[in-house]
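The values are calculated or read from the model by the stated rules, or taken from the named source; none is laboratory data. Worth saying up front: this structure is predicted, and the values here are computed from it rather than measured. A quick note on method: Cβ atoms are made from the backbone with ideal geometry, for glycine too, and the neighbour counts reach across all protein chains shown. The area values use the complete protein model at the heavy-atom level, side chains included, leaving out ligands, DNA and RNA. Shrake-Rupley method; radii C 1.70, N 1.55, O 1.52, S 1.80 Å.
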Amino acid sequence: MSLMTSAVRKPLIAGNWKMHLGLAQSVDLAKAVRDGTTGSPAEVAVCVPFTALSVVAEVLKGSHVRLGGQDLYWEAQGAFTGEVSAGQLCDAGATHVIIGHSERRRLFGDTDEAANKKLKAALAAKLIPIVCVGETLDERQSNQTFRVLETQLAGALKGFAPADLPPVVVAYEPVWAIGTGVTATPAQAQEAHLFLRKQAAKLYGEGFAAGLRILYGGSVTAENVDNLMAQPDLDGALVGGASLKAPSFSRIANFQVTAKA
Ligand code: PEP
């Protein structure tokens, strides 16, 4: 059972375009997502490459679709070649930002401490942060899943005033499910989400936990989204591969759940 009904948590379906698409393709996809998701029961967002933020912002202006970056750096400005600040994201039209994605952790050395600093910077800039956590296959197979989730969540959420935290979104993204075509079963996802919600309650209280949106990410498709979203502690999805095609992403954003399990 969920700690609390999900009725208070507006679902969020966010696409992560990763390092894909040129400007013309980005504009076309953004237009198609905008027009294909008007009936979505969720908040819909696309997290696009830095270079495409401004042009996609123009397409999405005045629409229901929100715009996100895929990372940020915690300093406001300075000699940090290649980095992008929270203020620069806002300036380009972003309202959301992904933090601590497993590809950032695995390929670029992002740590829990970095995620924590990025989260502070994102919240200070009034961006909605999507903080990613998740275990590798080895960790799952050696029964380390809960320990990893506890450590990553506590590390990212360390040292905040409770009043600052309501905008935070957490994404449970098992690394073994990202880009592999192997999706967590609804039961596996629900188990991890409920665990994360209980950890959030331990850290910042039941009120925070009950309102915390926890997304699932890892090979979400048009075919499996409805069963995943029927789980009581799944409050949306972070979608990689299937967000690059408007029909699949739109179908995901327009998921159909009659009643939570
Ligand atoms: C992701 O990159 O966050 C992701 C979940 O990718 P995919 O949907 O392709 O597994």
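Some observations on this one:
- Virtual spin-label span in nm between K260 and E58, 7 Å along Cα→Cβ: 4.1 nm
- Sorted peptide list for 77-85, 164-172, criterion being average Cβ within 10 angstrom, highest first: 164-172, 77-85
- In straight-distance terms, cross-link reach from K31 covers every one of the aspartates and glutamates whose alpha-carbon lies under 20 Å from its own, apart from those fewer than eight places away in the same chain; here that gives E43, E58.
- Pairs from K158/K245; K61/K202; K198/K245; K118/K202; K202/K245; K18/K260 whose Cα-Cα separation, in the structure shown, is over 32 Å: K158/K245; K61/K202; K198/K245; K202/K245
- Sequence-separation-based contact order of the chain, relative, with Cα cut under 8 Å and 6+ spacing, percent: 22 percent
- Segment V8-D226, extension gain: residue separation times 0.36 nm, minus the distance between their alpha carbons: 76.6 nm
- Simple spin-label estimate for Q25 and F80 gives 2.9 nm between the two label positions (7 Å along the Cα-to-Cβ direction from each Cα).
- Percent accessible area from carbon and sulfur atoms, the chain, protein chains only, probe 1.4 Å: 55 percent
- Positive minus negative residues near V33 (Lys, Arg vs Asp, Glu; Cβ under 12 Å): +3
- The simple Förster model, with R0 at 35 Å and r as the Cβ-Cβ distance, assigns A163 and T111 a FRET efficiency of 0.85.
- The alpha carbon gyration tensor of region 1-131 gives principal lengths a ≥ b ≥ c with a/c of 1.5 or higher and a/b no greater than b/c, which makes the shape oblate.
- Heavy atoms of the protein chains alone define the surface here; on that basis region 12-253 has 41 Å² accessible area per residue at 1.4 Å probe size.
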